[in-house]
Amino acid sequence: MATDAASIEAASLRHDPLVRATPFFYGWVMLGVAMLTQYCTSPGQTYGVALFNKHIATTLATTAFLQEHPGQEVVLTKDLINQEIVTVTTAYLWGTILAAFPVPWIGALADKWGLRKTVTLVIVLFGLACMLMSQVQDFYSLFIAFLAIRTLGQGSLTLLATNTADMWFQRKLGFANGIRNLSAPIAFGTFPIITIALINWLGWQHAYFALGIGIWVVMFPVLVFVFRNHPEEIGQLPDGEKRIPRKEGEAEPIRPGFLLPQLSLGDALQTRAFWIVLSFMTMWGMIGTALMFMVVPYVESRGLTEEDTQVIFWTMAVSMACCQFLGGILADYFKLHYLLVIGSMLLGVGVLVYMSIDSVMMAGVYGLTFGIAQGVASAGSNSLLARYYGRAHLGKIKGFQMMTIVAGSAAGPYLLSKSKEVFGAYDYALWMFATMLVVQGVACFFATPPAARSEVAEPTPHSHLPNVKHGTAPFAGSSSGDQPQPVVQAAD
């Protein structure tokens, strides 16, 4: 008789014509879905919000002027607009800090409901949040809107996009994430063009409303017709692996060291690597957000124009694309914490180059340097949690991590703007950022995998072992949310 896995696969294919019509592992389709989902987080990401900052500040300044001088013709000065930029930064700070706390709940919900239902809920709410952004008129409405788009876009939808890839790949996870990561540089290179065109055509408020509608138009058909929760749901296994048919009652050979324990959030919290990686990701989120959020006023303070920032977006997009893809391949062959070390050091170098921007050429050098740094750092970090701790509780584990990343990203722009306000220059905060990243790079040397999953987490020992495969059993519970449990899998 065929194995249970083979029977499940045959039954699943009969009832899923889309999977039956796909001549290759369906995980590659879901990888494209993960990339599209990540792209749709753009209106809630810093590089998306940054394009609206000056326009929002102008709207707030207009409202403030009319309140103080009712009936008079609006006359806005540069000082008044700069004051409202501080208001925007403050609303962004508090909105982002509070946005961090619901994200672990979204991760737990994904573990319980499954990714498809959870992504659908978040997409509906995120579209509404973009529409809410178009209605802001004062600090409080701006704060609520920032809270919504940062919770749903930067936090929840990013978490769900990364978990989507993690569910479908295991041994090839680094390569898969290298491809998925291309969505970030693609967004960096194209989203500003789309957004600036919408702002010029419709005005910034109608542009944000249009982005919310656009998210629904793009994602709803994908969620209805294409999205699947995990390979076990359709009778497949991670990486497209196949079980060997065997007679009923025949035992699979157990190979010591290739059991796949699934660690819980509580288990992860007891490991040294979790806290080191958490610190790295939080610091990266804080500093990267600060540099991008303040990029327009910063380059203007260095004698450049707002239009000159486009060279940063383009060079960063190209360098990120190359390094994230190549880094993803390296993540399947090299120890992940070594990639974190290199990435952290390069991020520190990127901050120093940021301080040296005094021409369009140097702006391009910064984009190139920081893009390379983020590509290498992404290669190490994106595959790490799934390999170190497994898939079963990945929503909770990544949700906890995302909470600190979102909270950290709130502090970066505030620190950078306060450095300018208090000391008259951005350099004080930038030197602090560079020093923190160098120290963090040293700490990443010690972010080794937990002993329980060291055989799986370290690519080098097992990548080329013959006749051995790592996988998870078909789900025993509901296909909508139950998570895979560890088993041993025989070789083909």
(message) Conditions first: (1) hydroxyl-bearing (Ser, Thr, Tyr); (2) farther than 26 Å from Ile56 by Cβ; (3) in contact with a Ser or Thr (Cβ under 8 Å, 6 or more places away or on another chain). Thr162 passes all but one, so which condition is the exception?
(response) (3)
(message) Could you check segment 334-353 and list, in sequence order, the residues that are open to solvent by less than 70 Å² (accessible area, probe 1.4 Å) and touching a Pro at 6+ places or on another chain (Cβ under 9 Å)?
(response) Leu336, His337
(request) Could you tell me whether any residue of segment 153-160 is modelled with pLDDT of 90 or more, open to solvent by 40 Å² or more (accessible area, probe 1.4 Å) and not hydrophobic (A, V, I, L, M, F, W, C)? (result) no
(message) Out of Gly203, Gly214, I need the residue that is surrounded by fewer than 18 Cβ atoms within 10 Å (Cβ to Cβ) and over 25 Å from Thr120 (Cα atoms). Which one?
(response) Gly203
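Mind checking whether some residue in segment 163-181 is of a type outside the set (D, E, K, R) and without any contact (Cβ under 8 Å) to a residue 60 or more places away in the chain?
No, the conditions are met nowhere in segment 163-181.
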(request) State all residues of segment 297-318 that are assigned to a helix (DSSP H, G or I) and either free of Cβ contacts under 8 Å to residues at least 60 places away in the same chain or more than 23 Å from the chain's Cα centre (by Cα) (or both); if no residue qualifies, say none. (result) Pro297, Tyr298, Val299, Glu300, Ser301, Glu306, Glu307, Asp308, Thr309, Val311, Ile312, Thr315
(request) Would you please name the residue that is nearest to Pro17 (Cα to Cα), looking only at residues in segment 193-208 that are at pLDDT 90 or above and under 23 Å from the mean Cα position of the chain (by Cα)? (result) Ile194
(request) Mind listing just one residue for me: the one in segment 388-430 that is touching a residue at least 60 places away in the same chain (Cβ under 8 Å), of a type in the set (Phe, Trp, Tyr) and open to solvent by 10 Å² or more (accessible area, probe 1.4 Å) and, of those, nearest to Val277 (Cα to Cα)? (result) Phe400
(request) Scan (1) crowded, with 19+ Cβ neighbours inside 10 Å; (2) modelled with pLDDT of 85 or more for the single condition Met320 breaks and write down its number. (result) (2)
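Results for (1) over 29 Å from Leu368 (Cα atoms); (2) crowded, with 22+ Cβ neighbours inside 10 Å; (3) modelled with pLDDT under 90, shown as yes or no for each residue.
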site: Gln236; (1), (2), (3): yes, yes, yes
site: Gly240; (1), (2), (3): yes, no, yes
site: Glu250; (1), (2), (3): yes, no, yes
site: Ile254; (1), (2), (3): yes, no, yes
site: Pro261; (1), (2), (3): yes, no, yes
site: Val295; (1), (2), (3): no, yes, yes
(request) Kindly establish whether Leu31 is under 24 Å from Glu306 (Cβ atoms) and buried (at least 17 other Cβ atoms within 10 Å of the Cβ). (result) no
(message) So, in segment 164-176, how many residues would count as being surrounded by fewer than 24 Cβ atoms within 10 Å (Cβ to Cβ) and in a helix (DSSP H, G or I)?
(response) 1
(request) Show the residue pairs that are 6+ apart or on different chains and have beta-carbon atoms under 9 Å apart, the first residue being within segment 47-73 and on the phi > 0 side of the Ramachandran plot, the second being surrounded by fewer than 17 Cβ atoms within 10 Å (Cβ to Cβ) and at pLDDT 75 or above. (result) none
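The values are calculated or read from the model by the stated rules, or taken from the named source; none is laboratory data. Note that the structure is a prediction, hence the values are computed from the model and not measured. All Cβ positions, even for glycine, are placed from backbone atoms using ideal geometry, and neighbour counts span all protein chains on display. Accessible surface areas use protein heavy atoms only, side chains included; no ligands, DNA or RNA. Shrake-Rupley method; radii C 1.70, N 1.55, O 1.52, S 1.80 Å.
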